[in-house]
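First the structure, in the form of structure tokens, and then the observations on it.
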Amino acid sequence: MRHRTSKKGVVIFAFATLSQFACAHVSVPETERTRYLMGTLCTITLPSAHAAAAERAFDEIARVESLISTWRDDTELSRVNALPAGGRMTVSPELAALLQTTIDWSEQTGGAFNPLLGTLIDAYGVRTKFRIPSAHVVQVAIAESDVDNVRIEGGGVAKNADARFEEGGFGKGFALDRAIAVLKNAGVPYATIDFGGQVVWFGAGSRDVGIAHPLKRHEEAVVISVPAGSVATSAGTEQTFEIDGERYTHIIDPRTGKPLPPAGSVTVYADSAIEADILSTALFVMGPVEGVRWADAHGVVAIFVVPHDRELRLTTTREFINQRVGISRSILTDEEKSYK
Ligand code: AMP
Ligand code: MG
């Protein structure tokens, strides 16, 4: 494939959901198991001799779901959300560590990622019926999403003000890391998990990860080649809403309190699944200009894919090139190719 690298990286086109790995271990019989978890499909591919471990990994994801889902009232995170301003409750060390991690990422990303978006998500009816709330409602919701409203200390969570966690931006990534730990502890030599489009794998060598075309989601537009780790994409297009001719995604800029318009996608590759999950959302919020600058300053491997007129452009970060993440295949037509 013809391409040119510049300070900003390679530029092509595209959109993305991740799927389909070329398997590096073709001679060993493999088993694929799928379960519906956290509102989406989770598929584990592993050597057939270790198939039983897949069930244990699914059970682990189900356990994480029963810890952090805010779609049901009986989880620890839902009880944290129900805590009134001024309240404090003891939580499991696992939840305390997870929430602290998400707050740390919020601070590092200048608030582009924010785990406390519960009130904003409800204000827009993202989980029910999408609507545009009044400016006053948005202001109140922005104030409630301030991470300073929550303190994780002494094995508990304390709230100074109303604030509710929204796990949609980090839950699947966290669950994937736990599932991978279960597989490794069970002695599985290599495996791949595809959880609603976020992929994580471990084992020797590199694997190919397909990035789907933004406008033709079932077509792979680009295939990147990555060593063990996780690849997450934020596109906002699996769920969009239209009001008065304007299109919105389910990704909110916590700084303005507004849902972002569809604008291509960003794919992040990282060692841990939670990091890839969180950073793909954060970089989508930042957009390609601020996002590439931030990602370059923080050594993040990322690819922005943004439609531009009739073309789709893909911009890679410096670390994408430094780590020699390869673009191994592209199905772009000449018309779709674009170079900076
Ligand atoms: P992802 O598809 O991984 O980018 O996650 C999007 C989901 O994360 C949304 O459906 C919301 O549940 C949540 N979310 C939306 N905007 C943000 C944000 N700025 N920071 C953290 N989570 C967000
Ligand atoms: Mg994410």
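The values are calculated or read from the model by the stated rules, or taken from the named source; none is laboratory data. Keep in mind the model is a prediction, meaning the values are calculated, not measured. Glycine also receives a Cβ, built like all others from the backbone with ideal geometry; neighbour counts cover every protein chain displayed. Keep in mind that these areas ignore ligands, DNA and RNA; they rest on the heavy atoms of the full protein, side chains included. Shrake-Rupley method; radii C 1.70, N 1.55, O 1.52, S 1.80 Å.
Worth pointing out:
- Among the residues making up region 180-192, those that are open to solvent by 40 Å² or more (accessible area, probe 1.4 Å) and not small (G, A, S) are K184, N185, P189.
- Top-ranked residue in region 164-179 [being more than 12 Å from ligand 2 (Cβ to nearest atom) and crowded, with 24+ Cβ neighbours inside 10 Å; ranked as farthest from the chain's Cα centre (by Cα)]: R164
- Boolean, S66 is exposed (fewer than 14 other Cβ atoms within 10 Å of the Cβ), modelled with pLDDT under 95, more than 27 Å from T267 (Cα to Cα) and out of contact with any strand residue (DSSP E or B) (no Cβ under 8 Å at 6 or more places or on another chain): no
- Scan of region 108-138 for residues that are within 13 Å of ligand 1 (Cβ to nearest atom), of a type in the set (A, V, I, L, M) and assigned to a loop (DSSP other than H, G, I, E, B), ordered by number: A112, L116, L117, V126
- Region 228-340 holds strands (runs of 3 or more DSSP E) entirely within its bounds, and those carrying 2 or more residues that are closer than 25 Å to F130 by Cβ and at pLDDT 80 or above map to 240-243, 246-249, 265-270, 301-308.
- Where a residue in region 167-181 is closer than 22 Å to A112 by Cα and its partner, wherever it lies, is open to solvent by 20 Å² or more (accessible area, probe 1.4 Å) and within 8 Å of ligand 2 (Cβ to nearest atom), with Cβ under 9 Å and at least six apart: G168/T281; G169/T281; F170/T281
Every residue, every condition in (1) closer than 20 Å to G291 by Cβ; (2) in contact (Cβ under 8 Å) with a residue 24 or more places away in the chain, yes or no:
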position	(1), (2)
V200	no, yes
A204	no, yes
D208	no, yes
I211	yes, yes
H218	no, no
A228	no, yes
S234	yes, yes
E242	no, no
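- Residue in region 257-264 that is in contact (Cβ under 8 Å) with a residue 12 or more places away in the chain, surrounded by 24 or more Cβ atoms within 10 Å (Cβ to Cβ), closer than 23 Å to G326 by Cα and not aliphatic (A, V, I, L, M) present: yes
- Any chance R293 is touching a strand residue (DSSP E or B) at 6+ places or on another chain (Cβ under 6 Å) and surrounded by fewer than 22 Cβ atoms within 10 Å (Cβ to Cβ): no
- Of all residues in region 165-176 being part of a loop (DSSP other than H, G, I, E, B) and out of contact with any Asp or Glu (no Cβ under 7 Å at 6 or more places or on another chain), the one that is farthest from ligand 1 (Cβ to nearest atom): F165
- Complete set of residues in region 193-227 that are away from ligand 2 (no atom under 16 Å from the Cβ), buried (at least 23 other Cβ atoms within 10 Å of the Cβ) and either of a type in the set (S, T, N, Q) or not in a strand (DSSP E or B) (or both): P214
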